[in-house]
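The values are calculated or read from the model by the stated rules, or taken from the named source; none is laboratory data. Not measured: the values here are computed from a predicted model. We place every Cβ from the backbone using ideal geometry, glycine too, and count neighbours over all the protein chains shown. Surface accessibility is based on the protein's heavy atoms, side chains included, excluding ligands, DNA and RNA. Shrake-Rupley method; radii C 1.70, N 1.55, O 1.52, S 1.80 Å.
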Amino acid sequence: IANLPSSFHGYRIVQISDIHLDEFTEPYFLERIVSDTNAIAPDLVLLTGDFITRGAFSFIAVRSAAHRCGEILSTLTAPLRYAVLGNHDVTVSAPMVIAALTSKGTPVLVNQHVAIERNGERLWLCGVDDPGTSYPDLNRAIPPAPGAPVILMAHEPDYADDVLLHPRAPLIDLMLAGHSHGGQIRLPFVGALVLPPMGTKYVEGHFRLNQMQLYVNRGIGTVGLPFRLNCPPEITVLTLQSA
């Protein structure tokens, strides 16, 4: 990260995405993810959307799934954690998911930014409303004169192309996204069989887009079918270093 304050050298961020409780992620698996994350002992945990699923089997119990998700995530021991919404969260009920998370101590950034401070130095964490189903507003999400590195959370990775066209794009150092599941089912020599809208260009991993870096997490859950092939679930550990 360019101009990274010295207090943030070695700062560790864990990214978790696309939990999709209870269809088809079972609570015990999310508890395992939380346990593994706590063992990493990150400074910050970032959750990039789709805590629940808008699916054929989940509509009856989706409220309890959202609150159970919030309860399990409350056992994360990192000093800080923040979330943004995904397309499934918004299409089910954004207010319900926000309430389920915030009531258990996980703030949700909806076109907002917050300063992460350490030893009198800072970086900015920004989060937009879900680009695929709602109204992301970079003018509100990104401070106009941050004077420090900027990390942006947005659920859909292909939204990065819209970000790059925005006047404040040069202020953004790192964007974190999920949504694609990395393809979820990947065949040898063929790749992903199905990719979701806004998750077809930047499917998984690390990208450099002008001055902005993008990382796309494969997620821990599944949609449509309750399995993965050649595309394991992912806990991402990002360690900040000065460029």
Practice problem: Say whether the condition of being open to solvent by less than 50 Å² (accessible area, probe 1.4 Å), in contact with a helix residue (DSSP H, G or I) (Cβ under 6 Å, 6 or more places away or on another chain) and assigned to a strand (DSSP E or B) is met by at least one residue in segment 53-76. | Solution: no
Quiz item: Just checking, how many residues over segment 193-214 are of a type outside the set (Asp, Glu) and touching an Asp or Glu at 6+ places or on another chain (Cβ under 9 Å)?
Solution: 11
Quiz item: Pairs under 7 Å by beta carbon, first residue closer than 10 Å to THR48 by Cβ in segment 82-94, partner open to solvent by less than 30 Å² (accessible area, probe 1.4 Å) and assigned to a helix (DSSP H, G or I), six or more apart or different chains?
Solution: ALA83/LEU101; LEU85/ALA94; LEU85/VAL97
Quiz item: Is it the case that some residue within segment 221-231 is farther than 29 Å from PHE29 by Cα, crowded, with 22+ Cβ neighbours inside 10 Å and within 18 Å of the chain's Cα centre (by Cα)?
Solution: no
Quiz item: Which of the residues that make up segment 133-156 are part of a loop (DSSP other than H, G, I, E, B), within 12 Å of LEU85 (Cβ to Cβ) and hydrophobic (A, V, I, L, M, F, W, C)?
Solution: ALA154
Quiz item: Within segment 6-27, how many residues turn out to be open to solvent by less than 30 Å² (accessible area, probe 1.4 Å) and touching a Phe, Trp or Tyr at 6+ places or on another chain (Cβ under 9 Å)?
Solution: 6
Quiz item: Residues in segment 37-56: is at least one hydroxyl-bearing (Ser, Thr, Tyr), in contact (Cβ under 8 Å) with a residue 24 or more places away in the chain, touching a Lys or Arg at 6+ places or on another chain (Cβ under 8 Å) and under 25 Å from ILE116 (Cβ atoms)?
Solution: no
Quiz item: Which residue, of GLU156, GLU121, is of a type in the set (Asp, Glu) and crowded, with 20+ Cβ neighbours inside 10 Å?
Solution: GLU156
Practice problem: State the number of residues belonging to segment 81-104 that are in contact with a strand residue (DSSP E or B) (Cβ under 8 Å, 6 or more places away or on another chain), farther than 14 Å from SER64 by Cα and open to solvent by 20 Å² or more (accessible area, probe 1.4 Å). | Solution: 4
Practice problem: Please verify whether segment 197-207 includes one or more residues that are open to solvent by 10 Å² or more (accessible area, probe 1.4 Å), over 21 Å from the mean Cα position of the chain (by Cα) and not aromatic (Phe, Trp, Tyr). | Solution: no
Practice problem: Filter segment 7-39 down to residues that are under 14 Å from LEU73 (Cβ atoms) and not charged (D, E, K, R), then give me how many there are. | Solution: 16
Quiz item: Can GLU117 be described as among the acidic types (Asp, Glu) and either closer than 29 Å to LEU164 by Cα or at pLDDT below 95 (or both)?
Solution: yes
Self-check item: Boolean, ALA141 is touching a residue at least 60 places away in the same chain (Cβ under 8 Å) and open to solvent by less than 10 Å² (accessible area, probe 1.4 Å)
Solution: no
